[in-house]
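Engineer: I am attaching a structure below and will ask some questions about it afterwards.
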Amino acid sequence: MTIQIKPLTGSVGAAITGVNLNDPINDATFEVLHQAFLEHGMLVFRGQFLQPAAQVAFARLWGTPVQGNPLLKGLAEFPELFQVTKIPKETASTEAWHSDSIYTAVPPKISILSAVTIPVGGDTMWCNQYLSYERLSPTLKRLIEGLRATFSGGRLARMTGSDKVPTAVHPIVRTHPETGRKALYVGHPDTALCIEGMTEAESRPLLDFLYEHSTTPDNVYRHMWQEGDVVMWDNRNTMHYAVHDYGNAERVLNRVTLEGDVPR
Ligand SMILES: [Fe+2]
């Protein structure tokens, strides 16, 4: 089999064919996937029906799986693997553009999902945060250089009914530790609360602009899931949005995330 890499849009995502992720991945194949991942920000592998043991083994090629999650149910035999199941639309914290766990001090760098049960609908969208940064004017780039914002897990706390709301402070422009490229690092207005050293009235319009600017249709790929799909993405230079249009239908995906670095 020859690996083929086909960009999915002009901005983000690539489809990979010619690789079976249930088999061990050799170094040469990993290097091809790694380069494609750094270039495209998210990769789609159709028809994998990835088994939990193989998903954990594949994830370990990319880093250290995060163990333990207060919200998601882990599989007994695989403490690194968590099931994402249906959640009520009213409280779905994932139905907003976000980078996973941005409200923690050291957010995960990569997320890998394997689709087990897929309803009609329930698409996920991704956007390219390198482009979001690069498309800013030189003047605005200079203005936001070095700024940091407080990020809140309030949406998640609402979803889980927790009264503990985690927060973290991160730069709103981060440099990808592997590529050296700058990416905009922002989130939904409930998540990106305030820029350090500014009043809320000063920072709100700027954060709102950067959020809206990141997610224009020319910067987005929308994935229509099929059972057996494996999708992996880079939380350091993309955001994603889980569309909730499937009512009460069953939806199950197996997720592994990989430990990241402190955003800089
Ligand atoms: Fe997410």
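The values are calculated or read from the model by the stated rules, or taken from the named source; none is laboratory data. As the structure is a computational prediction, the values presented were derived from the model and not from experiment. Glycine gets a Cβ as well: all are built from the backbone with ideal geometry, and neighbour counts include every protein chain shown. Quick note on the areas: whole protein, heavy atoms, side chains included, nothing else; ligands and nucleic acids left out. Shrake-Rupley method; radii C 1.70, N 1.55, O 1.52, S 1.80 Å.
Engineer: Tell me the net charge near residue 183. Cut-off is 10 Å between Cβ atoms, residue 183 excluded, with +1 for each Lys or Arg and -1 for each Asp or Glu.
Structural biologist: Details: positive: 174, 181, 182, 236; negative: 134, 234.
It works out to a net charge of +2.
Engineer: Considering the Cα positions of the chain, please state its Rg to one decimal place and its Dmax as a whole number of Å.
Structural biologist: 17.9, 57
Engineer: Using a 1.4 Å probe, what is the accessible area per residue for the chain, in Å²?
Structural biologist: Working: 11940 Å² over 264 residues.
The answer is 45 Å² per residue.
Engineer: Kindly give Rg over Rh for region 10-157, based on alpha-carbon atoms, with the Kirkwood expression for the hydrodynamic radius. If you can, show how the numbers build up before the last one.
Structural biologist: On the way: Rg = 17.4 Å, Rh = 18.0 Å.
Ratio of gyration radius to Kirkwood radius for region 10-157: 0.97.
Engineer: Normalise the Debye intensity by I(0) for region 158-230, one equal point scatterer per Cα, no solvent, then take log10 at q = 0.13, 0.16, 0.17 Å⁻¹ and round to two decimals.
Structural biologist: So the normalised log intensities work out to -0.60, -0.84, -0.91.
Engineer: A further question follows. Please get the size of the charge dipole for region 124-240, origin at its Cα centre, with Cβ charges of +1 on Lys and Arg and -1 on Asp and Glu, quoted in debye to the nearest 20. Let's see the in-between values first.
Structural biologist: Values: 13 positive and 14 negative charges, 48 e Å.
Dipole about the Cα centre, nearest 20: 220 debye.
Engineer: Once Lys and Arg get +1 and Asp and Glu get -1 on their Cβ, which of 24, 128, 42 lies farthest toward the positive end of the dipole of the chain?
Structural biologist: The Cα lying farthest towards the positive end belongs to 128.
Engineer: Span-like helices, the chain: DSSP H, alpha-carbon axial extent 30 Å or more, mean Kyte-Doolittle 1.0 or greater, which ones?
Structural biologist: Numbers: long enough: none.
Both cut-offs are met by no helix.
Engineer: Separate question: Considering the convex hull of the alpha carbon atoms of region 78-200, report its projected area averaged over all viewing directions, in nm², one decimal. Let's see the in-between values first.
Structural biologist: Numbers: hull surface 39.6 nm².
Reported value for the Cα convex hull: 9.9 nm².
Engineer: Using only the alpha carbons, work out the radius of gyration and Dmax of region 10-64 in angstrom.
Structural biologist: Values for region 10-64 (Cα only, Rg and Dmax): 11.2, 34 Å.
Engineer: Got the relative contact order for the chain handy, in percent, Cα pairs under 8 Å and 6 or more residues apart? Write out the running numbers ahead of the final one.
Structural biologist: On the way: 578 pairs, mean separation 90.7, N = 264.
In percent, rounded to a whole number, it is 34.
Engineer: Now a separate question. Show that you can apply the helix-only estimate: for the chain, add -39,500 (n - 2.57) for every DSSP H stretch of four or more residues, divide by all residues, and state [θ] at 222 nm to the nearest 500. Could the numbers behind the result be given before it?
Structural biologist: Working: 6 runs with 58 residues, N = 264.
Estimated from H runs of four or more residues: -6500 deg cm²/dmol.
Engineer: Could I ask something else about it? So, counting K/R as plus one and D/E as minus one, what does the shell of residues with Cβ under 13 Å around residue 207 add up to? Let's see the in-between values first.
Structural biologist: Details: positive: 148, 204; negative: 190, 196, 200, 202, 208, 212.
Once all neighbours under 13 Å are counted, the net charge is -4.
Engineer: Based on the Cβ-Cβ distance of residue 202 and residue 165, what FRET efficiency does E = 1/(1 + (r/R0)^6) give at R0 = 25 Å, to the nearest 0.05? Write out the running numbers ahead of the final one.
Structural biologist: Details: r = 23 Å, r/R0 = 0.91.
According to the calculation, E is roughly 0.65.
Engineer: What's the magnitude of the charge dipole for the chain around its Cα centre, counting Lys and Arg as +1 and Asp and Glu as -1 at the beta-carbon? Answer in Debye, nearest 20.
Structural biologist: Approximately 220 debye in magnitude.
Engineer: Do you know the Lys pair count in the chain for C-alpha distances under 29 Å, with sequence separation 8 or more or different chains?
Structural biologist: Qualifying lysine pairs in the chain: 14.
Engineer: How much net charge surrounds residue 47 when only other residues with a Cβ under 15 Å from its Cβ are counted (Lys, Arg +1; Asp, Glu -1)? All intermediate terms of the calculation are to be shown ahead of the outcome.
Structural biologist: Values: positive: 6, 46; negative: 23, 227, 229.
Around residue 47, the charge tally is -1.
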